[in-house]
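Let me begin by presenting the structure, written as structure tokens, before commenting on it.
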Amino acid sequence: MDLTDLLKEKFLVWVSKNKASFLLVVLLLGNVYQYIDRNTADKNSTEAIKKLNDRIQEISTESMNYERIRSEKLEFLLSNLAKYQDNGVVPTNKTSSHR
């Protein structure tokens, strides 16, 4: 008889004599596993939320930069348009017909 077989046999004898204790140990181990698994899931969730918040901030910054550049370009175009109109230079539009 092998040592592992002896241990298995002793374990099975102990379990058959102490069913309630064995079930309590199994349930306790299950609770410990769930606690560890929940902590791991919480950490992963927190990391995912942090990454999403960083991405939202990045997109917000890009959007503000885009709007700032667009506003500057529009302001530049409007100021140049006003200069051309003040100088009496009117751009000709060949596609429109005068009636």
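Relative to the Cα centre, the charge distribution of region 18-82, modelled as +1 at Lys and Arg Cβ and -1 at Asp and Glu Cβ, gives a dipole magnitude of about 340 debye. Take the Cβ atoms of N65 and Y33, set R0 to 41 Å, and the FRET efficiency comes out at 0.30.
Which one of S45, V25, I56 is farthest out on the positive end of the charge dipole of region 18-82, using unit charges on Cβ (Lys, Arg +1; Asp, Glu -1) and the Cα centre as origin? Of the options given, the answer is V25. With the largest listed first and rounded to whole Å, the semi-axes of the equivalent ellipsoid of region 18-82 from the Cα gyration tensor are 62, 5, 4.
Here, each number is a calculation from the coordinates, and none is a lab measurement. Fair warning: this is a prediction, and the values are worked out from it, not measured in the lab. So basically every Cβ, Gly included, is an ideal-geometry build from the backbone, and we count neighbours across all protein chains shown.
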